[in-house]
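Please treat every number below as a calculation from the coordinates, not as lab data. Since we're looking at a predicted model, the values are computed, not measured. Note that each Cβ is placed from the backbone with ideal geometry, even for glycine, and that neighbours are counted across all protein chains shown.
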Amino acid sequence: MKVLYIVGVGRSGSTLLERMLGAVPGSVNAGEVNAIFSRVASQDQRCGCGEPFSRCPFWCAVGERAFGGWSSVSRRMASLQPRVVRQRHVPQMVTGLAGATYRRELAEYVDVHHRLYRAISSVSGAEVVVDASKSTAQLFALRRVEGLDLRVVNLVRDSRGVANSWSKAGVVKPQSTDGSTMGTYPPHRLAVLWAALQLECAVLSSAAPHAARVRYEDLVACPRPTLERALSDVGLAPTEQALDHVGERSVVLDPSHGVAGSRTRFATGRIELELDDAWRSVLPAGARRVVTAVTLPQLLGYGYVGLRPNAPPTRAA
Ligand SMILES: [Zn+2]
């Protein structure tokens, strides 16, 4: 069972990347798997195919095969997940040094995911499941799933762009039926989170046998070579035809059953890829300075800012 796991900060284009990878023959995109138990099932959110989760034929078949139906496991996992998958529990997940209760609950959580991925793979017939959960804590938990061949893609977007996206108020949630809006985050706090997460990703990547980094900006500007490189880096080098759905600045997508994520999960047909760099004109100068200062080491490392004035951005290593 291969799982291609996307890790990164929210609002970095992960749904787009997930769907582009899920359209590779032999792969399936499942969306943000870690949201199934936290909100998708309980709120009956709409799947990428447009159906509510409880009526989507794909997820009904997955739930039936994995657990004999979703109802009992959904309730149990909704209470278990917040106790088990927490950033402060990462050391216990890595070392296994934890109290008996935590060890038992982690084992149960891991077993549920083992069955879940196996069912996704079996129902879809795909060898690779693309999971855009993004969370590093979830990734540490998944590393304990026996027989799960984890390949990790760290998706990174310029911290100023991410900060700008999270500072926008009044954006309606893609799954909203009552007009409720997406959460916001002040730029200085977002910058600290972004820097901390990228630091974790660097540690994770160095420990993983198969890991890649994708810059959102490269994915949009030159999607095909960016995906080719990422897939090769995670040991899944694409065949000549595997990326036929990816054009020079566009992608053609069939409907999928990805859950959670951005509005992009509903997009089908030919999609023109456009770089969202509105932050350059919209993000206030003060916020821009703070975010740049807090995230500077990584901005330099990923080639978002150059050491020489007017140096062109370099490709991510
Ligand atoms: Zn569906």
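With respect to ARG55, is the statement that it is free of Cβ contacts under 8 Å to residues at least 60 places away in the same chain, more than 14 Å from the ligand (Cβ to nearest atom) and not polar (S, T, N, Q) true? In short, no.
Scanning region 248-280 for residues that are within 19 Å of VAL171 (Cα to Cα) and among the hydroxyl-bearing types (Ser, Thr, Tyr) gives SER262, THR264.
Any residue at all in region 68-76 that is in contact (Cβ under 8 Å) with a residue 40 or more places away in the chain and either in contact with a Ser or Thr (Cβ under 9 Å, 6 or more places away or on another chain) or closer than 18 Å to GLU105 by Cβ (or both)? No: zero hits. Restricting attention to region 263-278, the residues being touching a Ser or Thr at 6+ places or on another chain (Cβ under 8 Å) and more than 16 Å from the ligand (Cβ to nearest atom) number 5.
This table checks each residue for (1) part of a loop (DSSP other than H, G, I, E, B); (2) closer than 20 Å to LEU17 by Cα; (3) among the β-branched types (Val, Ile, Thr).
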site: SER133; (1), (2), (3): no, yes, no
site: GLY147; (1), (2), (3): yes, no, no
site: LEU155; (1), (2), (3): no, yes, no
site: TRP166; (1), (2), (3): no, yes, no
site: TYR185; (1), (2), (3): yes, no, no
site: LEU197; (1), (2), (3): no, yes, no
site: GLU200; (1), (2), (3): no, no, no
site: SER206; (1), (2), (3): no, no, no
site: VAL214; (1), (2), (3): no, yes, yes
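Residues that are within 16 Å of the ligand (Cβ to nearest atom), out of contact with any Lys or Arg (no Cβ under 8 Å at 6 or more places or on another chain) and over 26 Å from LEU190 (Cα atoms): does region 238-249 have at least one? No, that holds for no residue.
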